[in-house]
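Q: Below is the structure I would like to discuss, written out as structure tokens.
The values are calculated or read from the model by the stated rules, or taken from the named source; none is laboratory data. Not measured: the values here are computed from a predicted model. SASA here: full protein model, heavy atoms, side chains in, ligands and nucleic acids out. Shrake-Rupley method; radii C 1.70, N 1.55, O 1.52, S 1.80 Å.
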Amino acid sequence: MNDFATYYASLHQRIQQGDNTAFQKLFDSLWKPLYVWAQSVVMDEDIAKDIVQEVWIDYWKRCKKIQNLAIEAYLRQAVRYKVYNYLRDRKFNTVQIEVIQELLTDELTVDEPIALQENLTATEGKLHRVLKSLPKRCREIFSLSREEGMSNSDIATHYGISKRTVENQITFALKKLREVLGAFF
């Protein structure tokens, strides 16, 4: 085990013994990387927060039963499944379906870190730069779809364009995001 894995395993063991301070330390260390990853996939801050919060609540309720000491990998996998379940219940285009399939087939290693703190800021910056670099109409359509939750038909009506054009713009935006954030998928 690497140093982080050992540290998280010791926190997990203390949590199992009822140590609330250990839970707070684990939460403080891992909440943001889990959230940043979930948000980069679902593209919605509130939904990502809800997903990560549900994982932490579930962990708290079941921590005494969890025997896996690779707790970082355990929590990351739990977030991945929650994200998958969220995405599974939505309508998708082919690029989004490919991302979902990659989520299911990616293998995690026990020693794989979620993300080091210094990489989080860089990742968030990349995400914002990619979105900012999109053509204006593409960025607006993507924002209406992912941030406002508008359907493709409603966006098409709003701009007076075809639904297929809306789908193409969203596909283009997702492709650009995957090119930059592919390491997270």
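Q: On the full set of protein chains, 1.4 Å probe, figure out the accessible area of S133 and give it in Å² to the nearest 10.
A: Here the accessible area works out near 90 Å².
Q: Now for a different question. Provide the gained length on full extension for the span K65 to S29, in nm with one decimal, where the gain is 0.36 nm per separating residue minus the Cα-Cα distance.
A: Separation in residues times 0.36 nm, less the Cα-Cα distance, equals 10.8 nm.
Q: What are the lysines whose alpha-carbon lies under 29 Å from the alpha-carbon of K136, with same-chain residues fewer than 8 places away excluded?
A: By straight Cα distance, K136 reaches K49, K91, K126, K163, K175, K176.
Q: For region 24-73, report the accessible area per residue in Å² (1.4 Å probe, heavy atoms, rounded to an integer).
A: That works out to 48 Å² per residue.
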